[in-house]
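Okay, so here's the structure we're looking at.
The values are calculated or read from the model by the stated rules, or taken from the named source; none is laboratory data. The shown structure was predicted, so the numbers you read here are calculated from the model rather than taken from an experiment. Positions of Cβ are backbone-derived with ideal geometry, glycine not excepted, and every protein chain shown enters the neighbour counts. Note: accessible area is taken over every heavy atom of the protein model, side chains too, but ligands, DNA and RNA are not part of it. Shrake-Rupley method; radii C 1.70, N 1.55, O 1.52, S 1.80 Å.
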Amino acid sequence: MYTAIVFLPLLGFLIVGLFGRQLGPRPSELVTTGLLFVAAALSWVTLISVGYGNAPLTVPVLGNWMTSGSLRVDWALRVDTLTAVMLVVVNSVSALVHLYSIGYMHEDPARPRFFAYLSLFTFAMLMLVTSDNLVQMFFGWEGVGLASYLLIGFWYEKPSANAAAMKAFVVNRVGDFGFALGIFLVFALTGSVAFDQIFATAPGLANKPIHVFGLNVDAMTITCLLLFMGAMGKSAQFLLHTWLPDAMEGPTPVSALIHAATMVTAGVFMVARLSPLFEQAPVALTFVTIVGATTAFFAATVGLVQNDIKRVIAYSTCSQLGYMFVALGVGGYSLAIFHLFTHAFFKALLFLGAGSVIHAMHHEQDMRRMGGLRKDIPFTFWMMTIGTLALTGFPLTAGYFSKDAIIEASYAASAHSSAAIYGFLMTLIAAGLTSFYSWRLVFMTFFGHRAAAGHADHGHDAHAAPVHVDHARTDKHKHASAHDHGHDHHGAHAPHESPAVMLIPLGVLAVGALLAGLVFSGAFIGHGYDAFWKGSLFTGANNHILHDMHDVPAIAVYGATVMMALGFLGALYVYVLAPGTAQRIASRHNLVYKFLLNKWYFDELYDFLFVRPAFWLGRVFWKGGDGKIIDGMGPDGIAARVVDVTNRVVRLQTGYVYHYAFAMLIGVAAFITWYLVGGVR
């Protein structure tokens, strides 16, 4: 069963990838989607049998991958509760995205290629979460990066899609370089890359110094920091986050798959899986807390002013990932996985709901050109509302149980960690900002009046100022017949509800967004913790965060709910009760507005510090090194000298007999001279 869960998506990829043109679009859709639903069903069976049953941890070895000296890497599937949770998340969301894509991509001529890429992405993620060693995890890690590159750049005719795909690939390579160095250090310290051997050795490595980078540093600290560098790239944490918003250039189902349950959560899973290592590195955990808290606040501030409906949700994802890393940093590994689990439902719901809105608006993504859609697409409206309630932490929804628990845990950890105090404050503020921009999205999209086509000055939006430089990127394409389903002019058609094949996944995800926290909180972080996790998450003897969080004061317990209410009331006033208020605020604080609209100018900063110098250096090596030195003194130089010599020799061929006779006399004179001076004696 476990092997089938992992390899059914690969089977779908191979069938459709190799024979998609022969099969045609509809059979390709049915094959890949059917196999994913089978894998999803088996994943739920695995969660029940492993998490709630008495099944032992199962690691079926598939075979040896490589052996080099003391390094032995096996192909194996590690199936414990942590794996089972990730299998459910990955396969369930992926199956629903496959189903949704049948409707969303129904007129795209490259559907077989799209569904093959989706299945490849899912397989790579499954290899990552079922890995039994770091090398196998790195294989899945890089496979996810490759598949995301293919999916983000799926519409490769668009220059912006190509640029976004390359940006995601390059930025992730920065983090992956640190991850690879971390794996090397783990092997150097433990002599193994298999998790069981590493975890058994980890306690003995606490406070052990190591000479690296010319310094004597704590071995576990530097190792965990390098491993976390990989998580920062894959999970779009502060400083390595710039690829995530641009990933919106891919089709909307891709956004749901990447941002909800798979690629961006890989870093969270990796840190949780390696909790035995991180527990021995408190300094590294402090750094994780600071980065996560900063990301939660930063992304929430940028989300306040975005006008592209998908970009708002993308920055929300970035912020929620920050929450997960705060939980990891304070030692609440199960809290992070619980929020990962609940977040998958409501964030996939929001992204697919946004896709339904875009479909209704004929591929318009600028919220300033929307409004009043709740009457045209009522089902989508209610599904988006449910997702927003869960995201903002409305009582008894999924986000209420997981996100509020993280805020409580960060407060509980603040008794012995200043970083946890910072984490508490940032996550609490981010909760209010999240509520504001989430309801802003709902009010701008579904309430008020729709602006005329071609006019972005929506009456309820503060952010129609001319300083908008992001130029909302949409799913529209230059080649209408191939990519925009034939609807390039949204104003020519009335908004319409999406087909059932797109609405069914919304309904299923809405159930998870409402009930996942209520149903699973006891097992993930409550009284059933020990029986559910069965040791798949390691916590040190001094880690009592799950107990301490129950003794926090009211400010921590109810703070997030209060901030959620304040954010809702603020958005209601600004965008519904007093239209034009946001525009006046933006005009009054134009510098702050520009700062947030331009995403703290990180793209411009990185362009100045890294991109331009890299291009300059490349031109120097290309024009100067390769062109002038290597080619100039090598093949091209030799060829040029030969040409010069032959050009001079050609001049001797004048066609006059007396010239040739003179040359013959010179030759005879030279021969006689040689014979007399240096010839036979």
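Taking His589, His496, His416, His550 and ordering them by how much accessible surface each has at a 1.4 Å probe, largest first, produces His416, His550, His589, His496. Take the convex hull of the alpha carbons in the stretch 618-662; its mean projected area over all directions comes to 3.8 nm². Straight Cα distances below 18 angstrom link Lys403 to the lysines Lys347, with same-chain residues fewer than 8 positions distant left out. Heavy-atom accessible surface of Trp44, to the nearest 10 Å², is about 90 Å², with a 1.4 Å probe and all protein chains retained. Solvent-accessible area of Glu157, all protein chains in place: 80 Å² (probe radius 1.4 Å, heavy atoms, ligands and nucleic acids excluded). Label positions at Ala500 and Val170, each projected 7 Å from the Cα along the C-beta direction, are separated by 4.8 nm.
If I compute solvent accessible area with a 1.4 Å probe over the protein chains, what percent of it on the stretch 344-448 is carbon and sulfur?
Carbon with sulfur: 69 percent of the solvent-accessible area.
With each label modelled as a point 7 angstrom along the Cα→C-beta vector, the Ala670-Ser70 pair spans 7.1 nm. Summarising the amide proton neighbourhood of Leu62: residues at separation of 5 or more, or on other chains, whose placed amide H is nearer than 5 Å comprise Trp75, Ala76, Leu77. Measuring nothing but protein heavy atoms, the accessible surface of the stretch 565-681 at 1.4 Å probe radius is 73 percent carbon and sulfur. His527 to Ala206: FRET efficiency via 1/(1 + (r/R0)^6), r the Cβ-Cβ distance, R0 30 Å, to the nearest 0.05? The calculated FRET efficiency here is 0.50.
With every protein chain left in place, what is the accessible area per residue of the chain in square angstrom, probe 1.4 Å?
40 Å²
Of the solvent-accessible surface of the stretch 221-264, computed with a 1.4 Å probe over protein heavy atoms with every protein chain present, carbon and sulfur atoms account for 87 percent. The candidates Thr32, Thr561, arranged from most to least accessible area with a 1.4 Å probe in the full protein assembly, appear as Thr561, Thr32. The order of Arg113, Arg450 by accessible area, most exposed first and with a 1.4 Å probe, is Arg450, Arg113. The stretch between Asp196 and Val217 holds 5.1 nm of extra length on full extension. This uses 0.36 nm per residue minus the Cα-Cα distance. May I ask you to derive the FRET efficiency for Val283 and Ile585 from their Cβ-Cβ distance with R0 = 60 Å, giving the value to the nearest 0.05? Once the sixth-power term is evaluated, E becomes 0.90. For Thr46, the shell of other residues with beta-carbons less than 15 Å away shows a net charge of +1, using +1 for Lys and Arg and -1 for Asp and Glu.
With contributions of -39500 (n - 2.57) from each DSSP H run of at least four residues, the per-residue ellipticity at 222 nm computed over the chain stands at -21000 deg cm²/dmol.
Residue pairs exceeding 31 angstrom between C-alpha atoms, taken from Lys234/Lys594; Lys234/Lys310; Lys158/Lys375; Lys594/Lys623; Lys599/Lys623: Lys158/Lys375; Lys594/Lys623; Lys599/Lys623.
Can you work out the base-10 log of I(q)/I(0) for the stretch 482-636 at q = 0.10, 0.20 1/Å, using the Debye formula on its C-alpha atoms alone? Normalising to I(0) and taking log10 leaves -0.97, -1.23. Here the gap between Leu396 and Val576, fully extended at 0.36 nm per residue and compared with their Cα-Cα distance, gives a gain of 62.2 nm.
Using the Cβ-Cβ distance between Phe621 and Phe177 with R0 set to 25 Å, the FRET efficiency from 1/(1 + (r/R0)^6) comes to roughly 0.75.
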